[in-house]
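A short worksheet on the structure shown next.
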Amino acid sequence: MYAGGSSGEVARAVASVEVAPIPGKSGWLVRNALADRFGSRPGQAPRYRLDVRLDEKLQGLGQLSDDTITRERRTMRARYQLVDTQTGTIALDATAAADAGINVVSSEYAVIAAEQTAQENLARGLADQIVARVAARLRAKSRGEAPVSVPATPAAPAAGQ
């Protein structure tokens, strides 16, 4: 897909994607991860805009007889659209998802650290999925092919284990 390295056709197309601001801490993490992976070039006008909406949940799973939660599941879902800024058409409309399990231990600090680590890992995982899908779509578009289906990546490893 990246034939020609950073000067290849797909690499240039991916570098022309601008990521619109995404609200919230998770949005900030996802946007930064996307911007790092797209590698936009300074002074280059963006050809595409990526609009992302996040949905995030933290859910208690394991429960003891005294109603103490022993396990949590953090899920992050993204709906994203790749918009051609020259024509205003949507080149790609898709979703990505990732989740992680977190052990809840007696140390509140350890739980908070595990939740934050899970959030960071999920943001990177979503960014990886989105970039793969966008790159595949831009490659197919540059060749005049039908859109390519990219399989979802497995869930992020559990945090706090």
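Name the pairs: first residue in the stretch 1-30 and over 22 Å from A45 (Cα atoms), second residue modelled with pLDDT under 70 and surrounded by fewer than 15 Cβ atoms within 10 Å (Cβ to Cβ), Cβ to Cβ under 9 Å, at least 6 apart or on different chains?
Listed by first residue and then by second, the contacts come to M1/G8.
Would you pick out the residues in the stretch 85-102 that are among the β-branched types (V, I, T) and either out of contact with any helix residue (DSSP H, G or I) (no Cβ under 7 Å at 6 or more places or on another chain) or at pLDDT 90 or above (or both)? Break it down stepwise before answering.
Step one: of the stretch 85-102, the residues among the β-branched types (V, I, T) are 85, 87, 89-90, 95, 102.
Hits for the stretch 85-102 are T85, T87, T89, I90, T95.
Quickly run through the stretch 103-130 and pick out the residues that are buried (at least 19 other Cβ atoms within 10 Å of the Cβ), modelled with pLDDT of 90 or more and among the β-branched types (V, I, T).
I130
Assess whether R133 counts as being part of a strand (DSSP E or B), within 21 Å of the chain's Cα centre (by Cα), crowded, with 20+ Cβ neighbours inside 10 Å and of a type in the set (D, E, K, R).
Working: part of a strand (DSSP E or B): no; within 21 Å of the chain's Cα centre (by Cα): yes; crowded, with 20+ Cβ neighbours inside 10 Å: yes; of a type in the set (D, E, K, R): yes.
Spelling it out, it is not the case that R133 is part of a strand (DSSP E or B), within 21 Å of the chain's Cα centre (by Cα), crowded, with 20+ Cβ neighbours inside 10 Å and of a type in the set (D, E, K, R).
Checking I90 against (1) among the aliphatic types (A, V, I, L, M); (2) more than 18 Å from R53 (Cα to Cα); (3) surrounded by fewer than 20 Cβ atoms within 10 Å (Cβ to Cβ), which test does it fail?
(2)
The values are calculated or read from the model by the stated rules, or taken from the named source; none is laboratory data. Predicted model, so just to flag it, every value in this text is computed and none were measured. Quick reminder, even Gly has a Cβ in these numbers, built from the backbone with ideal geometry, and neighbours come from all protein chains shown.
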